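Some notes on the structure that comes next.
The values are calculated or read from the model by the stated rules, or taken from the named source; none is laboratory data. This is a predicted model, so every value here is computed, not measured. Every residue, glycine as well, gets a Cβ built from its backbone with ideal geometry; the counts of neighbours run over all protein chains shown.
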Amino acid sequence: MQTVLPFSRMSEAAERMDPKVLAYLNEGQIETFESFETFSIIAFDWYDVHSARTADSQMLLYLDQKDLLLFCEDDAAEEKARSIVAELTKEGPMDTEQLLYRFFVRLLKGDMAHLDQLEADISDGESAVLSGTRPGDLDRIAAWRRELLRLKRYYEQLDSIFDELSANDNQLLGKASVRRMVILGTRLDRYLSGVRSLQEMVAQLREAYQSQLSIQQNDLMKIFTVVTVLVLPLSLLTGWYGMNFAGMPELGWKYGYPAVITVSVLIVAGLIWYFKRKKWL
């Protein structure tokens, strides 16, 4: 028999659970998987990869020979668990082992498509960054990094759970169910491998972004340097003829002003030609 309840109503199912369960849960130190002689406790932080919701919600499963009880931390997790159980109930009667396996299959449904879409988004972002940084690029990279970190933690929990279920230390599962858990564990390994590959892509993308930013900053500094070099000779001429010494013959020369303008233009033109020849402009 299967039941879905919030944490606050866990006591309602006390008569269907081993007496040691509530005492163990009240200790407040719930491991990902705990195997007892006649029952197992499975706990994990569920992350909805198909919604914009970023918060994790804890799910706790109690499994024995007769019952599979699901307890949820909040409304979102409870709604998800109830919808999965309702879908499975429509498929016909099944024992707790089948229900446990199909529950996790439905929980992971569509995750590979989500990872594929995430990979496509990161690849598009890589092309955009290599063509030049834009406002918001760093925010997108940070969002991808956070998303992949959440997925990694989520899948690592489930992978550990499937490993423990496959070990079947308390012999609650039959051979067929153990094989199913091994298959789920293999699927989680693929998911984790995909997440780690995407994490490497994001790390490389961040490095590419930093490189593009450094190139842009270097180009800006080059422009400032060129402008400074162009202005420096003109500043020297201005300061020179601004001293107004009485013995400066150019001050009384009628062609003095045009001569200074011509020299200034020639200096600027010569520097621009030199910079272009060196491909600094």
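Values as computed for the structure displayed
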item: Some residue of the range 60-74 being under 26 Å from the mean Cα position of the chain (by Cα) and not charged (D, E, K, R); result: yes
item: Given (1) farther than 23 Å from GLU34 by Cβ; (2) basic (Lys, Arg); (3) outside the structural domain of VAL49 (by TED's automatic domain parsing), index of the condition LYS90 fails; result: (3)
item: Subset of the range 168-210 [under 19 Å from TRP144 (Cα atoms) and either of a type in the set (Gly, Ala, Ser) or outside any helix (DSSP H, G or I) (or both)]; result: SER193, GLY194, SER197, ALA203, ALA208
item: Residue in the range 116-132 that is nearest to SER214 (Cα to Cα), counting only those that are of a type outside the set (Val, Ile, Thr) and buried (at least 19 other Cβ atoms within 10 Å of the Cβ); result: GLY125
item: Near pairs, Cβ below 7 angstrom, 6+ apart or cross-chain, from the range 220-236 (under 13 Å from VAL268 (Cβ atoms)) to any residue that is of a type in the set (A, V, I, L, M) and part of a helix (DSSP H, G or I); result: VAL229/LEU271; LEU230/VAL268; LEU230/LEU271; PRO233/ILE267
